[in-house]
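Participant: Take this structure first; my questions come after.
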Amino acid sequence: MPTLPSLDLATGINNSPHVVILGAGASKASLPRGDLNGRVVPVMQQLASCLDLTARFKAAGFPDPSDFESVYDELISTGSDPTLVAEIETRVQSYFAAMELPPDATLYDRLLLSLRDSDLIATFNWDPFLAQAFIRNRDTRRLPRIAFLHGNVEIAVCLKDRRSGFRGQVCQKCTNPLQPTRLLYPVRKKDYKSDPFIANEWAALEWFLKRAYMLTIFGYGAPKTDAAAVDLLSGAWTGNPRFELGQVNIIDIRPKRQLEETWESFFCRDHYGIHRRLSHTWLHRHPRRSCEALAWATLQLAPWRNNPMPRYKSPRRLQQWIEPLLTEEQAGKFSGNPSPSL
Ligand SMILES: [Zn+2]
């Protein structure tokens, strides 16, 4: 029998975190009509065209410019065209840095408000949406930790003092302006260790995965250049003593069979769900209580009633809606009661 159920029957609280991993598909689902200014949120296959690089890639001899990963990986491994590499990196930085979250609530606002400060959202995305949504919801204080696995245009660092913050801020220690984080590009031999900021983000993800009760992977395609990273994630999750009890949720629009193949090593028996959208998952049905809801249903056979977050347009109303849940968190006792609507 597994011995670490994590569920405290007296308080109703499950002390193990929920980890959410985001890929490009999550940004796409959040902003299907583009950012505030209609700028397309690209998945990997659209990147070359969004950056206006299709003709350059063709001229450089790449027959399939939509395969950004392979193009970039080959440019780096052969060292054949450093000018083109520099051009790509400049365009990536300026394209993503110019993106802005629209004022209406997005999936990112909902995700952040649906998790507690003991949970983690880790993203592979360069775009600024998670960070910008964090900034506009941070008055609620009990937001999850966020981690940026490939660097991010909205996050800046002082490497000397090991401080990070948002673009435009100064270092709290030396008061110099924080510097942009290095973006990690799709190459087979990725170096997650040498950049102290990125190493730190990966260490945080590993720490959380070893303790998590639930893992949700949203819109992340596990591309071949990330194979080493996916192995690392799988090792941390399957080595977790709660692996036998927990649950994995995959949110992705690709065919079910393909997804089962990709994520097989993350599944324990039938403890997984494959969904086309966030609204079908534990996280949506039980915001801020997903790990409790699962544990009460499976360990205690006493399922909690669903409590889905309403589809309010204003981030402020969503923040107000979670207030009764925050009050319970402050008191350290969870009822499992649905929240009143506003
Ligand atoms: Zn500093």
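The values are calculated or read from the model by the stated rules, or taken from the named source; none is laboratory data. If you're wondering where the values come from, they're calculated on a predicted model, not measured in any experiment. Every residue, glycine as well, gets a Cβ built from its backbone with ideal geometry; the counts of neighbours run over all protein chains shown. In case anyone asks, the SASA skips ligands and DNA or RNA and just uses the protein heavy atoms, side chains included. Shrake-Rupley method; radii C 1.70, N 1.55, O 1.52, S 1.80 Å.
Participant: Quick one: Cα centre-to-centre distance for the stretch 317-342 and the stretch 32-91, in angstrom?
Facilitator: Using only Cα atoms to place each centre, the spacing works out to 45 Å.
Participant: Let me ask something additional. Under the √(5λ) rule applied to the eigenvalues of the Cα gyration tensor, what semi-axes describe the equivalent ellipsoid of the stretch 147-270? Give them in Å, descending.
Facilitator: Numbers: eigenvalues 195, 53, 32 Å².
Semi-axes (√(5λ), whole Å): 31, 16, 13.
Participant: Please find, in a Gaussian network model of the chain (springs between Cα atoms separated by less than 10 Å), the residue of Gly168, Gly219, Gly23 whose mean-square fluctuation is greatest.
Facilitator: Comparing Gly168, Gly219, Gly23 in a Gaussian network model of the chain, the most mobile one is Gly168.
Participant: Still on this structure, I have one more. Taking 25 °C and 0.890 mPa s as the conditions, I'd like the Stokes-Einstein D for the stretch 44-97 in µm²/s, using the Kirkwood hydrodynamic radius from alpha carbon pairs.
Facilitator: Numbers: Rh = 11.0 Å.
Translational D for this selection: 223 µm²/s.
Participant: Further question: Using the Kirkwood formula on the Cα atoms of the stretch 1-138, what hydrodynamic radius do you get, in angstrom to one decimal?
Facilitator: Working: mean 1/r = 0.0570 Å⁻¹.
Here the Kirkwood hydrodynamic radius works out to 17.6 Å.
Participant: OK, next. With N residues in the chain, what two-decimal value do you get for its Cα radius of gyration over 2.2 N^0.38 Å? Don't skip to the end; give the middle numbers.
Facilitator: Details: Rg = 20.4 Å, N = 342, 2.2 N^0.38 = 20.2 Å.
Computed over Cα atoms of the chain, the ratio equals 1.01.
Participant: Separate question: Given Pro82, His284, Val92, which one lies farthest toward the positive end of the charge dipole of the chain, if we put +1 on the Cβ of every Lys and Arg and -1 on the Cβ of every Asp and Glu?
Facilitator: His284
Participant: Search the structure for amide H atoms under 5 Å from the amide H of Asn249, placed 1.01 Å from N in the peptide plane, and list their residues when 5 or more places away or on another chain.
Facilitator: Under 5 Å from the amide H of Asn249 lie the amide H atoms of Leu215, Thr216, Ile217, Gly273, each far enough along the sequence or on another chain.
Participant: Quick one: compute the contact order of the chain, relative version, from alpha carbon pairs under 8 angstrom and 6+ residues apart, as a percent. If you can, show how the numbers build up before the last one.
Facilitator: Numbers: 573 pairs, mean separation 67.7, N = 342.
The normalised contact order for the chain reaches 20 percent.
Participant: Stokes-Einstein at 37 °C, 0.692 mPa s, Kirkwood radius from Cα pairs: D for the stretch 280-342 in µm² s⁻¹?
Facilitator: Details: Rh = 12.3 Å.
Rounded to a whole number, D works out at 268 µm²/s.
Participant: Would you mind telling me the share, in percent, of accessible area of the chain contributed by carbon and sulfur at probe 1.4 angstrom? Intermediate values should be presented prior to the final figure.
Facilitator: Working: 8220 of 15850 Å².
Carbon-and-sulfur percentage of accessible area, whole number: 52.
Participant: Between Asn307, Ser118, Leu107, whose Cα lies farthest towards the positive end of the dipole of the chain when Lys and Arg beta carbons carry +1 and Asp and Glu beta carbons carry -1, centred on the Cα centre?
Facilitator: Positive-end residue among those listed: Asn307.
Participant: I've got another one for you. Per residue, how much accessible area does the stretch 44-97 have with a 1.4 Å probe, in Å²? Please report the intermediate quantities before stating the final value.
Facilitator: Values: 2730 Å² over 54 residues.
Heavy-atom SASA per residue in the stretch 44-97 reads 51 Å².
Participant: Only bridges whose two residues both fall in the chain count here: according to DSSP, what percent of them are antiparallel, nearest 5? Present the calculation step by step, with values, prior to reporting the outcome.
Facilitator: Values: 9 of 31 bridges.
That works out to approximately 30 percent antiparallel.
Participant: Using a 1.4 Å probe, what is the accessible area per residue for the stretch 251-297, in Å²? Don't skip to the answer; put the middle values down first.
Facilitator: Working: 2310 Å² over 47 residues.
Each residue of the stretch 251-297 exposes 49 Å² on average to a 1.4 Å probe.
Participant: ³J(HN,Hα) across the stretch 49-61 via Karplus (A = 6.51, B = -1.76, C = 1.60, θ = phi - 60°), whole Hz, x for Gly/Pro?
Facilitator: Result, ordered by residue: 6, 4, 8, 6, 10, 4, 5, 4, 5, 5, 4, 7, x Hz.
Participant: Relative to 2.2 N^0.38 Å, what does the C-alpha radius of gyration of the stretch 93-154 come to as a ratio? Two decimals please.
Facilitator: Normalised by 2.2 N^0.38 Å, the Cα Rg of the stretch 93-154 equals 1.07.
Participant: Once you keep just the Cα pairs under 8 angstrom separated by 6 or more residues, what percentage relative contact order results for the stretch 82-232? Mind showing how you got there, number by number?
Facilitator: Numbers: 197 pairs, mean separation 26.6, N = 151.
Taking the mean separation of contacting Cα pairs over the length of the stretch 82-232, I get 18 percent.
Participant: Report the one residue of Phe148, Ser66, Phe129 whose Cα lies farthest in the direction of the positive end of the charge dipole of the chain (charges on C-beta: Lys and Arg +1, Asp and Glu -1; origin at the Cα centre).
Facilitator: Phe129
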